[in-house]
Each structure stands twice: as structure tokens, then as C-alpha cells.
1. Looking at (1) part of a loop (DSSP other than H, G, I, E, B); (2) under 27 Å from H342 (Cβ atoms); (3) open to solvent by 10 Å² or more (accessible area, probe 1.4 Å), which one does I307 not meet, given that it meets all the others?
2. Would a scan of segment 105-123 turn up a residue that is closer than 30 Å to V217 by Cα, at pLDDT 95 or above and under 23 Å from the mean Cα position of the chain (by Cα)?
3. When segment 312-333 is examined, which residues are found to be outside any strand (DSSP E or B) and of a type in the set (V, I, T)?
4. Of the residues I360, I364, I341, I315, which single one is over 25 Å from the mean Cα position of the chain (by Cα), surrounded by 21 or more Cβ atoms within 10 Å (Cβ to Cβ) and not hydroxyl-bearing (S, T, Y)?
5. Out of curiosity, is L285 assigned to a helix (DSSP H, G or I), at pLDDT 95 or above and more than 20 Å from D337 (Cβ to Cβ)?
6. Which condition breaks for G153 when tested against (1) at pLDDT 95 or above; (2) under 30 Å from V472 (Cα atoms); (3) assigned to a loop (DSSP other than H, G, I, E, B)?
7. Of all the residues that make up segment 210-232, how many are assigned to a helix (DSSP H, G or I) and open to solvent by less than 20 Å² (accessible area, probe 1.4 Å)?
8. Within segment 233-263, can you find the residues that are modelled with pLDDT of 95 or more, open to solvent by 10 Å² or more (accessible area, probe 1.4 Å) and closer than 25 Å to Y137 by Cβ?
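The values are calculated or read from the model by the stated rules, or taken from the named source; none is laboratory data. Only a predicted model underlies this, so the values are computations on that prediction, with no experimental measurement involved. Backbone-built Cβ (ideal geometry, glycine too); neighbour counts: all protein chains shown. Accessible surface areas use protein heavy atoms only, side chains included; no ligands, DNA or RNA. Shrake-Rupley method; radii C 1.70, N 1.55, O 1.52, S 1.80 Å.
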Amino acid sequence: MAKKKTASETLPQDDHMPEQEKNRIRSLVDAQKNYFKTGETKSIKHRKQALKSLYSVIKHHESEIYDALKADLGKPEFETYTTELGFVLHEITYQRKHLKKWSKPKKAAGSFISYPAKAKIIPEPFGTTLIMSPWNYPFLLSLQPLVTAIAAGNTAIIKTSEYSPSTSAILETIIQESFDPNFVALVKGGFLTNQLLMNETFDFIFFTGSPAVGKAVMESAAKTLTPVCLELGGKSPCIVEESANLPIASRRIVWGKLLNAGQTCVAPDYILVHESLKKDLLHQLADEIALQYGDNPLENPEYPKIINMKHFCRIYALAPTAQVDTASNKIAPTILDLGDIHGEQALTHPCMREEIFGPIFPVISYKDLDEVIEFVSSRPSPLALYLFSQNKRVQKRILNTLRFGGGCVNDVIMHLSSSELPFGGIGQSGMGHYHGKYGFDTFTHLKSVLLQSPKTDMKYRYAPHKNNLKLVKKVLK
């Protein structure tokens with residue numbers, strides 16, 4: 001395995017960009033476009049070999065991956081493997097197994113009006129793609145979409161977050177050892193680099209991050225009509241209905257909320273609990289926090305930290321009563337009782353105005369399920385929704401009434417664990433899907449082709465039409 005040669009909130013114009021960096025980015029994009037034109041990436045053998053190489057290099061650097069995520073986010077090895085590294089390895093295996101079948105042209109039914117033509121659908125890669133990854137799951141959300149882009153036959157440039165420098169560094173090593181930069185390259189940097197990349201023309205853009213930056217990415221992509229997949233976020237509600245198994249609900253909510261110290265786009269953001277269960281739920285959440293992370297989570301080495309001081313201060317401002325450790329950038333799990341669903345706290349508290357993205361548990365009580373439906377549906381559609389209920393009618397009503405990207409009944413976050421389920425948002429929480437076949441389709445253009453016979457001709461479509469309209473009306477009705 002030979003080592004290959006190396007290669008903010010708005011996105012304004014590039015009038016004052018450093019010319020050298022601008023030229024470097026442009027040369028990289030042009031080189032990838034030229035490489036794609038060779039057709040090499042369309043080869044099934046090439047795709048499988050590329051994924052095999054990536055798998056091998058990742059395994060070789062496994063210990064360094066653990067160290068990097070520990071440095072950036074304070075993640076323990078178990079959490080790193082079960083929420084990032086393991087999923088990437090699984091996605092590589094899954095895509096390698098299925099990509100040949102997914103890439104084959106598929107027959108499609110013709111129509112009487114085009115008889116005797118045959119039809120088929122040809123899956124083909126978009127071309128040169130840009131993958132913009134976030135800091136909260138920097139390894140997973142850089143490589144999982146990359147795996148899919150490669151499986152679909154594209155070239156790719158990954159732009160990592162400046163907030164997770166240690167993970168960006170090991171990712172750069174992995175990419176350089178796995179691929180020629182004309183095929184796959186990684187670009188580091190901050191706002192300036194984002195701007196330079198967005199001023200280039202790509203064939204497809206995959207972005208994971210905040211809705212605010214997602215809007216800027218989409219606005220920039222619209223200038224060149226570049227298709228996008230936006231994986232964003234939002235305030236994902238967790239509903240604890242009166243028939244819920246409270247011990248199970250409490251255990252799973254605490255687990256899901258405190259993964260990565262709450263810095264998870266599909267974390268249960270706030271809890272809506274039936275008033276008859278609220279007192280017990282508050283106690284059981286506190287007990288579960290202690291069971292899972294001890295009486296002082298700030299001293300627990302398995303409890304992750306907040307990514308940087310900027311986000312630390314933002315989260316702390318939402319819950320000033322939280323216990324904190326500024327030396328380690330940790331904020332203790334904090335439960336906030338925000339009263340009734342119609343109360344002032346539930347409507348105006350700072351943590352209900354934005355996505356929390358931290359270890360804060362707002363708990364709001366309700367009396368009737370209609371209140372819950374009105375409360376959730378009156379807000380932007382969330383990326384995820386979780387319902388704890390043993391009542392089948394309640395489950396059906398919630399699932400059929402509320403709009404959300406995806407979710408779980410009697411669990412949290414675990415819908416992301418299946419390659420058979422599409423992951424993506426709706427409305428302000430995003431657009432497009434990935435994971436498994438859904439990701440392959442996202443990075444693929446489905447080219448429709450009609451194969452007509454030159455020997456047989458249906459003359460009714462040609463002028464003069466005379467009485468042909470009667471025939472057409474019999475067919476097209």
C-alpha cells in the first residue's frame with residue numbers, strides 16, 4: 001500500500017481571497033474533474049479496491065483515531081468505536097457487498113404509446129463531489145458519506161471542521177495513504193477555505209451541519225444549479241406518554257442525550273411527559289445519570305467534553321445552574337423542569353429557542369396528546385422524534401400526524417444503526433437521505449433511456465393527424 005502524493009454563517013464573495021490558496025483549490029477541483037472524465041472511477045473493480053484500501057488504512061491507524069477523538073471531544077474508546085469507527089467499517093463492508101448489484105442498469109416497463117421500444121435505467125455517478133463534514137462526529141460524518149460517494153463512482157473532496165483538528169489530522173493521513181488526490185482529497189481550514197470551495201463548481205454537494213450554514217451552502221449551490229444533500233438538525237422532541245415503561249424510557253433517554261455530551265444532531269432535545277409521570281421521570285432521570293456516569297460525571301473519564309469554549313459558553317448560558325469544569329470543558333448533565341406545556345417557561349426559556357446540542361434535559365409536562373401534537377407541529381420539523389408508549393393507537397397517531405426526519409418508538413437514536421433505513425431530515429432539518437442503498441442513490445444520477453426499434457414505426461404521432469386524436473385518447477386516459 002504505497003503512500004500517494006499529497007495534495008461560518010454566510011459565504012460571501014471571494015474578492016479579497018489569497019490568490020495562491022484560490023489557485024490551489026481550483027487546481028484540485030480541476031484535477032478531480034479530469035480524472036473523472038477518464039472513466040476510471042466507474043469501474044466496479046476500482047470502486048471495490050478503493051474501499052478495501054480505505055478499510056485497511058483505517059484499521060492500521062485505529063489507535064490514532066481513538067487518540068484523536070479523545071483529544072477533540074474527550075470520547076472514550078467504546079463510544080468512539082460504537083458511534084463512529086465501527087459504523088464506518090460496517091458501511092465499507094456493506095457498500096462493497098452490494099455496489100455491483102446497485103450499479104447495474106435496470107429494465108423498466110415501456111408503454112403502449114412508445115411500442116415496441118424497451119426502456120432501462122442506468123445508474124451513473126454525478127462526478128466530482130464535495131463533502132463538508134461537522135465537528136461533532138468528525139470521523140463518522142467525513143467518511144460515511146465518502147464511502148458512499150466512492151461506491152457510487154464519484155471523485156470526492158472532503159472539507160473537515162477546524163474545530164476538530166486532531167481528527168482532521170488523522171483523517172488527512174488516512175486519505176493520503178488510501179487515495180491519489182486526483183480521486184479523493186481532504187482539505188482543512190476554516191471559513192476562508194469554505195468560501196473558496198463554495199466558489200468552485202461541483203457536480204454534487206453533501207453538507208452536514210447547522211441549518212444556518214446549510215442555507216448558505218444551498219444558496220451558493222443554487223448559483224450553479226448544483227444538487228445538494230443537507231443533513232442538518234433541529235430540536236428533536238422526546239414524548240413520554242402515560243403508558244410508557246418509565247425505567248426503560250429513563251435509561252434510554254439518558255444514554256441518548258449524553259452520547260458525546262449531548263453534541264449529537266439526533267439527541268433527544270427536550271422531553272414532553274404526561275403530567276402523571278413527570279415527578280417519577282425527573283427522579284429516574286437523575287438516578288440514571290448517576291448509574292451511568294457516577295455521582296460526579298465531571299470527573300468521569302468516560303464522560304465527553306464540549307468541543308471548545310465558544311460552545312461551552314453558549315450551552316452554559318442556556319443553563320447557568322449547571323455544574324461545570326472549565327479546565328476540562330465539561331458541563332454536567334442538568335435537568336430543567338420547565339413546568340406545563342402552556343407555561344411561560346416552556347414557551348420562552350432560552351433552551352427552547354434553539355437546538356441545545358449539549359447535556360441539558362428540559363422537561364415539560366402535558367395533559368392531553370392533542371397538546372403535544374400542537375406543540376410539536378407548530379415548530380420546524382425536527383430531524384428526529386422519539387415516542388415512549390405501549391399504546392398502539394398512540395403510536396399510530398403520533399407517527400401518522402407529526403412530520404420528522406426519522407425516529408424511534410420506545411428507543412432513541414438507534415434508527416441510525418441500520419443500513420436498511422434512510423437517514424435524513426425534512427424541511428429545516430434537511431433534505432436528501434443516506435446510509436446503505438439510500439446513500440448510493442443520493443450520490444447517483446438515474447439516467448433513463450428509451451431503446452426504440454428503427455424497423456417499426458407508429459405513424460399516429462406524425463402529421464397530418466386526421467383522426468389520430470381518438471386513438472391517443474383511448475390510450476392516454
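1. (2)
2. The answer is yes, given that some residue of segment 105-123 is closer than 30 Å to V217 by Cα, at pLDDT 95 or above and under 23 Å from the mean Cα position of the chain (by Cα).
3. Result: I315, T321, T326.
4. On inspection, the qualifying residue turns out to be I364.
5. On the way: assigned to a helix (DSSP H, G or I): yes; at pLDDT 95 or above: yes; more than 20 Å from D337 (Cβ to Cβ): no.
The answer is no for L285.
6. The single condition G153 does not satisfy is (2).
7. 5
8. At the first step, the residues of segment 233-263 found to be modelled with pLDDT of 95 or more are 235-263.
Next, from what is left, pick out any that are open to solvent by 10 Å² or more (accessible area, probe 1.4 Å): 235, 241-248, 251-252, 255, 259.
K235, R251, R252, W255, L259, listed by residue number.
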